[in-house]
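Data block below; observations after.
The values are calculated or read from the model by the stated rules, or taken from the named source; none is laboratory data. Bear in mind the structure is a predicted one, so any value in this text is a computation, not a measurement. We place every Cβ from the backbone using ideal geometry, glycine too, and count neighbours over all the protein chains shown. Accessible surface areas use protein heavy atoms only, side chains included; no ligands, DNA or RNA. Shrake-Rupley method; radii C 1.70, N 1.55, O 1.52, S 1.80 Å.
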Amino acid sequence: MNATGLGTLDFIVVAVYLLGTIALGLAIGWKFESGRDFFLAGRSLPWWAIGMSLVASDIGGTDIIGVGGAAYSFGLSVANFEWIGCVPAMIVAAFIFVPVFWRTGIYTIPEFMERRFNAGMRVVLALCWLIFMACNLGIMLFASAKMLAVMIGGGSLALWIVVTALFVGVYTFFGGLKAVVYTDVIQCAVMIAGCLLVLFLGLRDLGGWDGLHQSLDALGERTDHHTDLLVPADRDSPFVWPAILFGLAMVLSPAYWIGNQAIVQRSLGAKSQFQAQASYVWGALLKILIPVIIAVPGIIAVAKFPDLADGDQAFPTLVSELLPTGLRGVFLAAFIAALMSSVDSYLNASATVVTNDFYLRYLNRNADDHRQLVVGRWVTVILMIWAIFFAFVVQWMDESGKASGIYAIFQTLMAFFQGPALAVILCGFLWKRANGIGALTGFLCGVALSVSLFVLDRWHESFGLEPLFQVPEPFLYFSVWAFLGALAVIVVVSLITRPDSPEKTAFLKGETTSSSP
Amino acid sequence: MNSEPGITILHRLGESLRELMVAIPMPVVRGIFVGLLLLLLLWVLRLPRERVRPPAEVATGWSSNLKLWAAVALGIQALIYLVF
């Protein structure tokens, strides 16, 4: 028996949805002739599609279950990740950073780093992103397969890993960024519809918002703060307000929306600079809705099923209890949509980084348009095979009990270099005196600082120390210190070394075509 | 100087910062969150026309003013942090 009680009609709904997605991806990719079509959708994307794609890519299948589960355990404070952890950074990005990225005609953020600083900065950042995205692809495949096996109630993990990879791989291989964005549009709509359904039926079952409050009140002290967004600094929660404000809102969120290749690449494929800006503002408006449809059902689950052993059971339990046959299929389609939209984004972004920042930069600078398309597609295949392999490695580690904390470690891995990357981008934009040697030294020192803090905190007993941080999984704090450390080193090293040539900053003002260095 | 086993200067620095954060009353914390959002809203409202609208040669109406939609997003955010 599956966790959500799916029937034949549900599977028909899911099959129709999946076949439609594949058909759309194939139809889009059939006419491609160049690498520019594959990596930047020929710069033809409209703002509304990019905005929906931004949101769909950011919410994975594991997030629907995980955020619902975190809301079940910790309450509404998890919504900070979608609200103050997204909206302000998206608005700032829309008016300051995205216009410059679009105007300069770059394909990747590391490419921007070379044009503003030097080739070393480009290689180091491209390597960081590539390692993170390639490993994360495997982890996403494994985590998604694990949840699919529970929700569908059959099939081995290996089967679901391969099936998911093939579905996503086929349309990303043919359709590149354009297929990723347009399938994300469908996935975003299906995801919102499926989760809205759970929210609406859940609230109706409890007698509306007032009924939800009454049910939570009846549970006593445990849910006293379940509808509070801001958690006091001394609470035993990873979402205390200083971590949210300084780590999430001021460092990780801007780093993600300004510097994450998988995110920014969409706006680079926009029809115009204005459309690229509009996509971010539209995405910010959509983001306001996300916690309402994902986190609030977790809180509804507390009120309805207060004794679940694990918060991650909250969403599947609600689905099986509230939704009739057929509509459960809509939710499963929403779940699959969410997981596919994240995997396809990281797959396409990884292929773009490998092709542009390594192949075209160091192996074949004169590759013609068709060659770029062919290479981009083959890199996609290789990355998909790698992701399947790494998913099996994670599965093996999980089954042999060696995967303890692996998800948290990879979350932390992103925090290691996101803070320093943000410091480099900010200095690159806002301070003309920042030079290449300063940026590279600052970035490396920032990463070294965050890794050192992580090691000292995680294995503190080996060093005979008390823990450095008093909250569980303090990755938000690592990013703050790494950002500040990198910023300080960039400033000092830039001031004591020779300035770069003026052309390193002049291109920020209005060049309209790409010219790979 | 009094030294405790397993405690370094990093621990002392972290503990001082933590105590500082714990001492801030939650209504003030709420004010900081809402205030930051309102400051950002003010910045958006003061952005020049050429940064929030399509080029002049493209005929557009009021709905093409990104300042308006960004202000709506930030206004809703400020309201949410004020209420919850």
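Using θ = phi - 60° in the Karplus curve 6.51 cos²θ - 1.76 cosθ + 1.60, the 3J(HN,Hα) couplings for region A:230-242 round to 9, 9, x, 5, 9, 7, 7, 9, x, 10, 5, 4, x Hz; x is entered for Gly and Pro. The residue list A:272, A:193, A:486 was ranked by how far each Cα lies along the charge dipole of chain A toward its positive end, using unit charges on Cβ atoms, and A:272 comes out on top.
Based on protein heavy atoms only, region B:25-83 ends up with 58 Å² per residue of surface accessible to a 1.4 Å probe.
Shape summary: the protein assembly as shown maps onto an equivalent ellipsoid whose semi-axes, from the alpha-carbon gyration tensor, are 34, 32, 25 Å in decreasing order. In percent, what relative contact order does region A:195-296 have, based on Cα pairs under 8 Å that are 6 or more apart in sequence? This gives 22 percent for region A:195-296. With all protein chains in place and a 1.4 Å probe, the accessible surface of region B:25-83 carries 71 percent carbon and sulfur. Look at the alpha carbon pairs under 8 Å that are at least 6 residues apart: their mean separation over the length of chain A gives a relative contact order of 31 percent. Residues of region A:223-244 whose accessible area, computed with a 1.4 Å probe over protein heavy atoms, drops by at least 30 Å² once all protein chains are present relative to their chain alone are A:229, A:230, A:233, A:234, A:241. Rolling a 1.4 angstrom probe over the protein heavy atoms with all chains in place gives region A:289-370 an accessible area of 30 Å² per residue.
Rg over Rh for region B:25-83 works out to 1.15, using Cα positions for both radii and the Kirkwood form for Rh. For chain B, the longest principal axis of the Cα atoms and the long axis of helix B:9-23 meet at an angle of about 60 degrees. Computed over region A:317-453, relative contact order equals 16 percent, with contacts defined as Cα pairs under 8 Å that lie 6+ residues apart. Along each principal axis, taking the top coordinate minus the bottom one, the Cα set of region A:328-390 gives 52, 25, 15 Å in descending order.
The string of couplings for region A:430-441 from the Karplus curve (6.51, -1.76, 1.60, θ = phi - 60°) is 9, 9, 4, 6, 4, 10, x, 5, x, 5, 5, 5 Hz, one whole number per residue in order, with x for Gly and Pro. Helix A:208-218 and the longest principal axis of the Cα set of chain A meet at an angle near 80°. Seen against the Cα atoms of chain A and their longest principal axis, helix A:327-353 is set at about 10 degrees. Under 5 Å between amide hydrogens, built in the peptide plane, is the criterion, and for residue A:153 it picks out A:3 among residues at least 5 positions away or on other chains. Looking at region A:292-394, the trypsin sites (Lys or Arg not before Pro) that sit in a DSSP loop and have at most 10 other Cβ atoms within 10 Å of their own Cβ are A:365.
Put a plus charge on the Cβ of each Lys and Arg, a minus charge on the Cβ of each Asp and Glu, and nothing anywhere else: the dipole of chain A about its Cα centre is then about 2000 debye.
Expressed as a whole percent, the proportion of Cα-Cα pairs in region A:1-97 lying more than 19 Å apart is 66%. Once B binds A, the 1.4 Å probe can no longer reach about 3400 Å² of accessible area, counting both sides.
Sorting check: for A:481-487, A:333-339, A:384-390, which peptide has the highest mean count of neighbouring beta carbons within 10 Å, and how do the rest follow? Walk me through the numbers on the way to the answer.
Details: A:481-487: 24.1, A:333-339: 27.0, A:384-390: 18.7.
Result, highest mean Cβ count within 10 Å first: A:333-339, A:481-487, A:384-390.
Coupling constants for region A:34-39 follow from the phi torsions by the Karplus curve (6.51 cos²θ - 1.76 cosθ + 1.60, θ = phi - 60°), and in residue order they are 9, x, 5, 4, 6, 8 Hz; glycine and proline get x.
Restricting attention to the protein assembly as shown, the count of lysine pairs at 8 or more positions apart or across chains with alpha carbons under 20 Å apart stands at 9. Extension gain for the segment residue A:289 to residue A:370, taken as residue separation times 0.36 nm less the Cα-Cα distance, is 25.1 nm to one decimal. Label separation (residue B:62 vs residue B:79): 1.8 nm, computed from points 7 Å beyond Cα along the C-beta direction. Compactness ratio for region A:66-212: Cα radius of gyration over 2.2 N^0.38 Å (N = residue count) comes to 1.37. Model label sites at residue A:18 and residue A:497, defined 7 Å from Cα along the beta-carbon direction, differ in position by 5.2 nm.
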